[in-house]
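The values are calculated or read from the model by the stated rules, or taken from the named source; none is laboratory data. Predicted model, so just to flag it, every value in this text is computed and none were measured. Every residue, glycine among them, receives a Cβ derived from its backbone with ideal geometry; neighbour counts consider all protein chains shown. Areas reflect the complete protein model, heavy atoms only, side chains present, ligands, DNA and RNA absent. Shrake-Rupley method; radii C 1.70, N 1.55, O 1.52, S 1.80 Å.
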Amino acid sequence: MVMPGKFITLEGSEGAGKSTSLNTLCQHLTSAGIDVYQTREPGGTPMAEAIREVMLADWQESVSGLTELLLVFAARLQHLTHEIKPRLAKGQWVVCDRFTDATYAYQGVARGTPLQYVASLENWVQADLRPDLTLYLDLDPEIGRQRIAGREQDRMENEQAEFFRAVRAGYLQRVTTEPAMQLIDASQSIDEVHAAILAVVEPFMRQHLV
Ligand code: Z5A
(Lines give C-alpha, C1' and ligand atoms only; values in the text may rest on other atoms or scores of the structure.)
Protein backbone atom coordinates (compact mmCIF):
# COMPACT_ATOMS: atom_id res chain seq x y z
CA MET A 1 0.00 0.00 0.00
CA VAL A 2 1.30 3.49 -0.91
CA MET A 3 1.56 5.79 2.11
CA PRO A 4 0.06 9.21 1.40
CA GLY A 5 2.71 11.89 0.98
CA LYS A 6 3.20 14.84 3.32
CA PHE A 7 2.09 18.39 2.64
CA ILE A 8 4.52 21.12 3.74
CA THR A 9 3.82 24.83 3.25
CA LEU A 10 5.99 27.93 3.65
CA GLU A 11 4.50 31.21 4.76
CA GLY A 12 5.67 34.71 5.53
CA SER A 13 5.44 38.26 4.30
CA GLU A 14 7.29 39.77 1.33
CA GLY A 15 11.03 39.21 1.35
CA ALA A 16 10.90 36.87 4.36
CA GLY A 17 12.89 34.33 2.33
CA LYS A 18 10.23 31.76 1.38
CA SER A 19 11.52 31.14 -2.15
CA THR A 20 15.13 30.96 -0.89
CA SER A 21 14.19 28.48 1.86
CA LEU A 22 11.87 26.46 -0.36
CA ASN A 23 14.68 25.61 -2.76
CA THR A 24 17.13 24.54 -0.06
CA LEU A 25 14.41 22.60 1.79
CA CYS A 26 13.42 20.70 -1.37
CA GLN A 27 17.07 19.87 -2.10
CA HIS A 28 17.42 18.55 1.45
CA LEU A 29 14.31 16.36 1.19
CA THR A 30 15.35 15.06 -2.23
CA SER A 31 18.83 14.15 -1.00
CA ALA A 32 17.15 12.13 1.77
CA GLY A 33 15.43 10.06 -0.95
CA ILE A 34 12.02 11.72 -0.73
CA ASP A 35 10.06 12.26 -3.96
CA VAL A 36 9.30 15.99 -3.71
CA TYR A 37 7.01 18.22 -5.76
CA GLN A 38 7.64 21.96 -5.42
CA THR A 39 4.81 24.38 -6.18
CA ARG A 40 3.27 27.73 -5.22
CA GLU A 41 0.03 29.59 -4.58
CA PRO A 42 -1.79 31.28 -6.06
CA GLY A 43 -0.81 29.11 -9.02
CA GLY A 44 0.43 25.62 -9.71
CA THR A 45 -1.71 24.81 -12.79
CA PRO A 46 -2.13 26.78 -16.03
CA MET A 47 -5.55 28.08 -14.99
CA ALA A 48 -4.47 28.82 -11.42
CA GLU A 49 -1.43 30.72 -12.74
CA ALA A 50 -3.79 32.76 -14.94
CA ILE A 51 -5.91 33.55 -11.87
CA ARG A 52 -2.69 34.63 -10.08
CA GLU A 53 -2.00 37.09 -12.93
CA VAL A 54 -5.50 38.51 -12.56
CA MET A 55 -5.20 38.74 -8.79
CA LEU A 56 -1.86 40.55 -8.76
CA ALA A 57 -2.47 42.85 -11.75
CA ASP A 58 -2.84 46.57 -11.18
CA TRP A 59 -6.51 47.15 -12.09
CA GLN A 60 -7.91 50.66 -12.55
CA GLU A 61 -10.81 49.75 -10.23
CA SER A 62 -11.03 48.78 -6.57
CA VAL A 63 -10.57 45.10 -5.69
CA SER A 64 -12.16 43.97 -2.41
CA GLY A 65 -10.83 41.35 -0.03
CA LEU A 66 -13.87 39.22 -0.91
CA THR A 67 -13.01 39.32 -4.63
CA GLU A 68 -9.45 38.27 -3.79
CA LEU A 69 -10.78 35.55 -1.50
CA LEU A 70 -12.93 34.05 -4.26
CA LEU A 71 -10.10 34.23 -6.80
CA VAL A 72 -7.60 32.60 -4.47
CA PHE A 73 -9.93 29.71 -3.63
CA ALA A 74 -10.86 29.18 -7.30
CA ALA A 75 -7.13 28.86 -8.04
CA ARG A 76 -6.67 26.61 -4.99
CA LEU A 77 -9.40 24.21 -6.11
CA GLN A 78 -7.69 23.79 -9.50
CA HIS A 79 -4.35 23.27 -7.79
CA LEU A 80 -5.71 20.75 -5.30
CA THR A 81 -7.65 18.82 -7.94
CA HIS A 82 -4.97 18.58 -10.62
CA GLU A 83 -1.71 18.56 -8.66
CA ILE A 84 -1.72 18.47 -4.87
CA LYS A 85 -4.22 15.72 -4.07
CA PRO A 86 -3.15 13.26 -6.83
CA ARG A 87 0.51 13.67 -5.87
CA LEU A 88 -0.11 13.17 -2.14
CA ALA A 89 -2.17 10.07 -2.98
CA LYS A 90 0.81 8.68 -4.94
CA GLY A 91 3.08 9.18 -1.91
CA GLN A 92 4.89 12.31 -3.15
CA TRP A 93 5.70 15.06 -0.68
CA VAL A 94 4.29 18.41 -1.81
CA VAL A 95 6.11 21.59 -0.73
CA CYS A 96 4.10 24.72 -1.46
CA ASP A 97 5.10 28.40 -1.33
CA ARG A 98 2.06 29.80 0.55
CA PHE A 99 -1.34 28.20 1.10
CA THR A 100 -4.48 28.97 3.12
CA ASP A 101 -2.67 30.54 6.10
CA ALA A 102 -1.81 33.34 3.63
CA THR A 103 -5.52 33.75 2.89
CA TYR A 104 -6.29 34.14 6.61
CA ALA A 105 -3.48 36.70 6.96
CA TYR A 106 -3.96 38.73 3.74
CA GLN A 107 -7.67 38.52 2.85
CA GLY A 108 -8.87 37.87 6.40
CA VAL A 109 -6.90 39.99 8.84
CA ALA A 110 -5.24 42.56 6.53
CA ARG A 111 -8.18 43.15 4.14
CA GLY A 112 -10.77 42.66 6.88
CA THR A 113 -12.83 39.95 5.15
CA PRO A 114 -14.67 38.01 7.88
CA LEU A 115 -12.57 35.06 8.99
CA GLN A 116 -15.63 32.81 8.92
CA TYR A 117 -15.82 33.36 5.13
CA VAL A 118 -12.24 32.12 4.85
CA ALA A 119 -13.02 29.15 7.11
CA SER A 120 -16.19 28.27 5.13
CA LEU A 121 -14.33 28.24 1.81
CA GLU A 122 -11.45 26.32 3.39
CA ASN A 123 -13.85 23.59 4.52
CA TRP A 124 -15.74 23.57 1.22
CA VAL A 125 -12.73 23.57 -1.11
CA GLN A 126 -10.26 21.54 0.93
CA ALA A 127 -12.60 19.27 2.92
CA ASP A 128 -10.27 17.84 5.58
CA LEU A 129 -7.00 18.50 3.75
CA ARG A 130 -4.64 20.72 5.80
CA PRO A 131 -0.84 21.11 5.71
CA ASP A 132 1.03 18.53 7.79
CA LEU A 133 3.68 21.14 8.54
CA THR A 134 3.82 24.90 7.95
CA LEU A 135 7.05 26.85 8.29
CA TYR A 136 6.15 30.46 9.00
CA LEU A 137 9.11 32.77 8.33
CA ASP A 138 8.52 35.68 10.67
CA LEU A 139 10.11 39.01 9.80
CA ASP A 140 9.51 42.71 10.43
CA PRO A 141 7.80 43.69 7.13
CA GLU A 142 10.03 46.77 6.85
CA ILE A 143 13.11 44.52 6.64
CA GLY A 144 11.33 42.33 4.09
CA ARG A 145 10.54 45.35 1.93
CA GLN A 146 14.17 46.47 2.06
CA ARG A 147 15.22 43.00 0.89
CA ILE A 148 13.01 43.19 -2.21
CA ALA A 149 13.59 46.91 -2.92
CA GLY A 150 14.43 47.48 -6.57
CA ARG A 151 12.23 44.63 -7.76
CA GLU A 152 9.12 45.47 -9.80
CA GLN A 153 6.15 45.62 -7.39
CA ASP A 154 2.72 44.07 -8.06
CA ARG A 155 -0.67 45.31 -6.81
CA MET A 156 -0.33 43.60 -3.41
CA GLU A 157 3.28 44.65 -2.91
CA ASN A 158 2.24 48.28 -3.46
CA GLU A 159 0.17 48.25 -0.26
CA GLN A 160 1.15 50.51 2.64
CA ALA A 161 3.27 49.47 5.65
CA GLU A 162 0.15 49.23 7.83
CA PHE A 163 -1.23 46.47 5.56
CA PHE A 164 1.93 44.38 5.97
CA ARG A 165 1.92 44.89 9.74
CA ALA A 166 -1.64 43.50 9.72
CA VAL A 167 -0.48 40.54 7.58
CA ARG A 168 2.20 39.76 10.16
CA ALA A 169 -0.32 40.07 12.99
CA GLY A 170 -2.58 37.67 11.10
CA TYR A 171 0.18 35.09 10.78
CA LEU A 172 1.21 35.48 14.43
CA GLN A 173 -2.41 34.90 15.41
CA ARG A 174 -2.48 31.69 13.32
CA VAL A 175 0.69 30.40 15.01
CA THR A 176 -1.17 30.42 18.33
CA THR A 177 -4.06 28.30 17.02
CA GLU A 178 -2.52 26.00 14.38
CA PRO A 179 -0.40 23.18 15.84
CA ALA A 180 1.13 22.40 12.41
CA MET A 181 2.55 25.93 12.19
CA GLN A 182 6.14 26.48 13.33
CA LEU A 183 7.62 29.96 13.65
CA ILE A 184 11.08 30.51 12.19
CA ASP A 185 12.96 33.75 12.98
CA ALA A 186 13.60 35.01 9.43
CA SER A 187 15.70 38.00 10.56
CA GLN A 188 18.73 35.72 10.88
CA SER A 189 21.25 35.06 8.10
CA ILE A 190 20.23 32.73 5.27
CA ASP A 191 22.36 29.93 6.76
CA GLU A 192 20.85 30.42 10.22
CA VAL A 193 17.31 30.38 8.79
CA HIS A 194 18.10 27.18 6.92
CA ALA A 195 19.48 25.59 10.11
CA ALA A 196 16.34 26.62 12.03
CA ILE A 197 14.17 25.07 9.30
CA LEU A 198 16.12 21.82 9.41
CA ALA A 199 15.78 21.72 13.21
CA VAL A 200 12.02 21.48 12.61
CA VAL A 201 12.04 19.39 9.44
CA GLU A 202 14.51 16.67 10.54
CA PRO A 203 12.32 15.37 13.41
CA PHE A 204 9.29 15.65 11.09
CA MET A 205 11.09 13.48 8.50
CA ARG A 206 12.13 10.91 11.13
CA GLN A 207 8.55 10.73 12.36
CA HIS A 208 7.14 10.14 8.87
CA LEU A 209 9.80 8.04 7.17
CA VAL A 210 9.60 4.93 9.34
N1 Z5A B 1 -1.54 35.92 -1.57
C2 Z5A B 1 -2.73 36.27 -0.97
O3 Z5A B 1 -3.04 37.46 -0.86
N4 Z5A B 1 -3.55 35.29 -0.51
C5 Z5A B 1 -3.26 33.99 -0.63
O6 Z5A B 1 -4.04 33.13 -0.20
C7 Z5A B 1 -2.02 33.64 -1.25
C8 Z5A B 1 -1.18 34.62 -1.70
C9 Z5A B 1 -1.66 32.19 -1.40
C10 Z5A B 1 2.20 36.49 -4.15
O11 Z5A B 1 2.92 35.72 -3.23
C12 Z5A B 1 1.14 37.31 -3.47
O13 Z5A B 1 -0.04 36.56 -3.27
C14 Z5A B 1 1.57 37.80 -2.12
C15 Z5A B 1 0.45 37.39 -1.18
C16 Z5A B 1 -0.66 37.00 -2.08
N17 Z5A B 1 1.64 39.19 -2.24
N18 Z5A B 1 2.17 40.03 -1.63
N19 Z5A B 1 2.54 41.01 -1.28
P20 Z5A B 1 4.43 35.36 -3.46
O21 Z5A B 1 4.80 34.40 -2.39
O22 Z5A B 1 4.67 34.94 -4.84
O23 Z5A B 1 5.16 36.76 -3.34
P24 Z5A B 1 6.02 37.38 -2.25
O25 Z5A B 1 5.64 37.12 -0.86
O26 Z5A B 1 5.99 38.79 -2.66
O27 Z5A B 1 7.40 36.62 -2.42
P28 Z5A B 1 8.79 37.28 -2.32
O29 Z5A B 1 8.72 38.75 -2.23
O30 Z5A B 1 9.60 36.71 -3.42
O31 Z5A B 1 9.34 36.86 -0.92
P32 Z5A B 1 10.12 35.58 -0.45
O33 Z5A B 1 9.93 34.45 -1.39
O34 Z5A B 1 9.70 35.35 0.95
O35 Z5A B 1 11.63 36.04 -0.46
P36 Z5A B 1 12.88 35.53 -1.34
O37 Z5A B 1 12.58 35.74 -2.79
O38 Z5A B 1 13.31 34.21 -0.90
O39 Z5A B 1 13.96 36.57 -0.83
C40 Z5A B 1 13.86 37.94 -1.15
C41 Z5A B 1 15.29 38.56 -1.15
O42 Z5A B 1 15.81 38.52 0.18
C43 Z5A B 1 16.29 37.82 -2.04
O44 Z5A B 1 17.17 38.75 -2.58
C45 Z5A B 1 17.02 36.90 -1.04
O46 Z5A B 1 18.32 36.60 -1.45
C47 Z5A B 1 17.03 37.77 0.20
N48 Z5A B 1 17.01 36.98 1.45
C49 Z5A B 1 16.30 35.85 1.69
N50 Z5A B 1 16.53 35.41 2.94
C51 Z5A B 1 17.40 36.31 3.50
C52 Z5A B 1 18.01 36.39 4.79
N53 Z5A B 1 17.78 35.48 5.76
N54 Z5A B 1 18.83 37.43 5.02
C55 Z5A B 1 19.07 38.37 4.06
N56 Z5A B 1 18.53 38.33 2.82
C57 Z5A B 1 17.70 37.31 2.55
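What FRET efficiency do you get for residue 140 and residue 31 if R0 is 30 Å and r is their Cβ-Cβ distance, rounded to the nearest 0.05? Walk me through the numbers on the way to the answer.
Details: r = 32 Å, r/R0 = 1.08.
Result of the calculation: an efficiency of 0.40.
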Margin query: Modelling each spin label as a point 7 Å along the Cα-to-Cβ direction, I'd like the residue 187/residue 173 distance in nm, to one decimal.
Written below: 2.3 nm
Next item on the list: Give me the accessible area of residue 47, 1.4 Å probe, in Å² rounded to the nearest 10.
Entry: 110 Å²
Checklist line | Packing-based order for 113-120, 58-65, 166-173, 128-135, using average beta carbon neighbours within 10 Å, highest first | finding: 166-173, 128-135, 113-120, 58-65
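Need one word for region 14-121: rounded, prolate or oblate. Basis is the Cα gyration tensor (sqrt eigenvalues a ≥ b ≥ c); a/c below 1.5 gives rounded, then a/b vs b/c decides. Provide the component values of the computation, followed by the final result.
Details: a/c = 2.01, a/b = 1.77, b/c = 1.13.
Here region 14-121 falls in the prolate category.
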Note to self: Is the C-alpha gyration tensor of the chain telling us rounded, prolate or oblate? Criteria: a/c under 1.5 is rounded; beyond that, a/b larger than b/c is prolate, otherwise oblate.
What the structure shows: oblate
Check: Which whole-number percent gives the relative contact order of region 7-208, counting Cα pairs below 8 Å spaced six or more residues apart?
Finding: 32 percent
Item checked: residue 24-residue 115 pseudo-label distance in nm [points 7 Å out on the Cα-to-Cβ vector] -> 3.2 nm
Item checked: Potential lengthening between residue 165 and residue 63 on full extension [0.36 nm per residue; Cα-Cα distance subtracted] -> 34.7 nm
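Say R0 is 25 Å: what FRET efficiency, to the nearest 0.05, do residue 3 and residue 180 get from their beta-carbon distance? Write out the running numbers ahead of the final one.
Working: r = 18 Å, r/R0 = 0.73.
Efficiency, from the Cβ-Cβ distance: 0.85.
Taking a probe of 1.4 Å, how large is the accessible area per residue of the chain, in Å²? Let's see the in-between values first.
Numbers: 10400 Å² over 210 residues.
Accessible surface, normalised per residue, equals 50 Å².
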Checklist line | Rounded to whole Hz, the Karplus (6.51, -1.76, 1.60) HN-Hα couplings of region 127-143, x for glycine and proline | finding: 6, 9, 6, 9, x, 6, 8, 10, 9, 9, 8, 8, 8, 4, x, 5, 5
Note to self: How large a share of the accessible area of region 7-208, in percent, is made up of carbon and sulfur atoms when the probe is 1.4 Å and the other protein chains stay in place?
What the structure shows: 52 percent
